[in-house]
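Step one of this worksheet: look at the structure below.
The values are calculated or read from the model by the stated rules, or taken from the named source; none is laboratory data. Worth saying up front: this structure is predicted, and the values here are computed from it rather than measured. For neighbour counting, all protein chains shown are included, and Cβ atoms are generated from backbone atoms with ideal geometry for every residue, glycine included.
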Amino acid sequence: MNNIASKLSNEEYEANFAELHPPFTSAAATVEANRCLYCFDSPCMKACPTHIDISTFIKKITTGNMKGSAKTILSSNWIALTCAKACPVNVLCEGACVYNAKGEEPIQIGRLQRYVMDWYVEKGMPQLFTPAPKNGKSVGIIGAGPSGLACAAELALMGYEVVIYEAKHIAGGLDTHGIAPYKMKQQDSLNEVKMVEKLGVTIKTGVRVGETISVEDLTKKHDAIFLGVGLKTPTRLGIPGEELNGVYDALTFIEKVTTRKWNSVDVGKRVAVIGAGNTAIDAATEAKRLGAEKVCMLYRRSEKEMPAYKFEFELAKKDGIEFQFLTAPKRILGNGKVEAVECLKMELGEKDSEGRRKPKPIPGSEFQIPVDMLIKSAGQNIEETFLSGIPGLKTAGGVVVVNSETLQTTNVKFFAGGDCINGGKEVVNAAADGKKAAGNIDRWLFVK
């Protein structure tokens, strides 16, 4: 029996993965920008982790000063195009808009930022900033994801020689490889990579620190090093059958989809996704849009405890994704390949350290769900093997230990930011960390 979903036409794939929020026309952008009240306390700016001067960039749209608007945005956030498309704006900047209190629709800040950044890219990304003269010092950055790129851009403007070392052959990190195509295109992230390179940053891809180049050599070569490595190691479910064919990690699956080579991605007819975070939602909706007949998400807690944002949850329901709450996988069944997942019903007990009630299995509640593909989205962990080669570097709870004010690690020559210190937050948090770390690296190098 064929357990692979029927292939769609390229036109059907493109329609299924069309952007959720289309770009503004010039006229529509101007109308929306004119709604901004230019609040004196700018709650939207405070809600943005990178603290973009939102009112000012919007005001410049109304006067036709697009170059000035782009400069205002990039002064705070070097990953602005990705953030415009993939940020949870309804819980950040737009969620803080004063129009919400008035019972009116908030300013569409994300789409306005996208409008400006699209313009900037279309104009060939003209020079907006002049780097300072070279100061004779060098910084190495491990990881070409959002935190690494942001840190590199800031340091390049300060006059540092900056080299980014990226294990993959295409830079951009999670922005390039791990965001659903209906949110943004891979090229958007690659344009941001080019933007950083235009500041004089060198990006070496296909370089795995600890293998291609040693930590010792890197430490000798640079005056300071920034870790922006992200989370690379999937959390195992720890149940029988996890090694069967047809079991995938969510980010590995999503990475295949981001290439938009639709026919190269096989998806099962009946898919189960373990987890209920935003990445799990992306994997589930992508499987459905690739042609899976049935996709169900299994989560061991209730709907109330699910970590995914509400708008992500609503998107999944609109796509016909089924949810089985208070359900945990016990084992994966199959003869070489996934055929079913055996589950247990759960009940919630006392609260854990994060304030969420702990799920407990209900004895004798086992049941099976026939599936031919299972996607795990139980979280990611840092790559301890690589980090263990850095003298004096401490990790705890699956993240790198840093000084929260300076982002300096327990090895004073190393700073860190992004997912490897926060366990996996938003792109905008990583961008903010990169910029913050750059300022602290600069202060450390010229004060020590």
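Per-structure values
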| quantity | calculated |
| --- | --- |
| Elements of type strands (runs of 3 or more DSSP E) contained in the range 146-229, each with 3 or more residues being of a type in the set (A, V, I, L, M) and crowded, with 23+ Cβ neighbours inside 10 Å | 224-227 |
| Options ASN16, ASN34; residue that is within 28 Å of the chain's Cα centre (by Cα) and more than 16 Å from TRP119 (Cβ to Cβ) | ASN16 |
| Sole exception among (1) closer than 26 Å to LYS288 by Cα; (2) in contact (Cβ under 8 Å) with a residue 12 or more places away in the chain; (3) assigned by TED's automatic domain parsing to the domain that holds LYS269 for VAL427, by number | (3) |
| From the options ASN335, ASN278, residue that is of a type outside the set (A, V, I, L, M) and within 19 Å of the chain's Cα centre (by Cα) | ASN278 |
| Any hit, the range 406-413, residues being within 27 Å of the chain's Cα centre (by Cα) and part of a strand (DSSP E or B) | yes |
| Any chance VAL447 is surrounded by fewer than 16 Cβ atoms within 10 Å (Cβ to Cβ), over 23 Å from VAL207 (Cβ atoms) and over 24 Å from the mean Cα position of the chain (by Cα) | yes |
| Search result, residues across the range 414-448 that are part of a loop (DSSP other than H, G, I, E, B) and either in contact with a Pro (Cβ under 7 Å, 6 or more places away or on another chain) or under 17 Å from ILE164 (Cβ atoms) (or both) | GLY417, GLY418, GLU426 |
| Residue count for the range 415-428, restricted to those that are surrounded by 19 or more Cβ atoms within 10 Å (Cβ to Cβ) and either more than 15 Å from ALA224 (Cβ to Cβ) or over 23 Å from the mean Cα position of the chain (by Cα) (or both) | 8 |
| Test for ILE254: is it of a type outside the set (Asp, Glu), touching a residue at least 24 places away in the same chain (Cβ under 8 Å) and part of a strand (DSSP E or B) | no |
| Residue in the range 11-50 that is surrounded by the most Cβ atoms within 10 Å (Cβ to Cβ), counting only those that are in a loop (DSSP other than H, G, I, E, B) and hydroxyl-bearing (Ser, Thr, Tyr) | THR50 |
| Whichever residue in the range 333-389 is in contact with a helix residue (DSSP H, G or I) (Cβ under 9 Å, 6 or more places away or on another chain) and part of a strand (DSSP E or B) and, among such residues, is surrounded by the most Cβ atoms within 10 Å (Cβ to Cβ) | ILE375 |
| Lone qualifier among ILE58, ILE107 - being under 22 Å from ASP188 (Cα atoms) and either crowded, with 20+ Cβ neighbours inside 10 Å or among the basic types (Lys, Arg) (or both) | ILE58 |
| Selected residue (only one of ASN335, ASN422 is more than 25 Å from GLY275 (Cβ to Cβ) and not assigned by TED's automatic domain parsing to the domain that holds CYS93) | ASN335 |
| Subset of the range 384-418 (residues that are modelled with pLDDT of 95 or more and of a type in the set (Asp, Glu)) | GLU405 |
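Condition check ((1) modelled with pLDDT of 95 or more; (2) touching a strand residue (DSSP E or B) at 6+ places or on another chain (Cβ under 8 Å); (3) on the phi < 0 side of the Ramachandran plot) across all residues:
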| residue | (1), (2), (3) |
| --- | --- |
| ALA153 | yes, no, yes |
| SER189 | yes, no, yes |
| GLY210 | no, no, no |
| GLY228 | yes, yes, yes |
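A quick yes/no check of all residues on (1) over 21 Å from LYS71 (Cβ atoms); (2) assigned by TED's automatic domain parsing to the domain that holds ALA33; (3) touching a residue at least 24 places away in the same chain (Cβ under 8 Å):
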| site | (1), (2), (3) |
| --- | --- |
| ALA96 | yes, yes, yes |
| GLU104 | yes, yes, no |
| ARG111 | no, yes, yes |
| ILE142 | yes, no, yes |
| GLY145 | yes, no, yes |
| CYS151 | no, no, yes |
| ALA156 | no, no, yes |
| ILE164 | yes, no, yes |
| ALA167 | yes, no, yes |
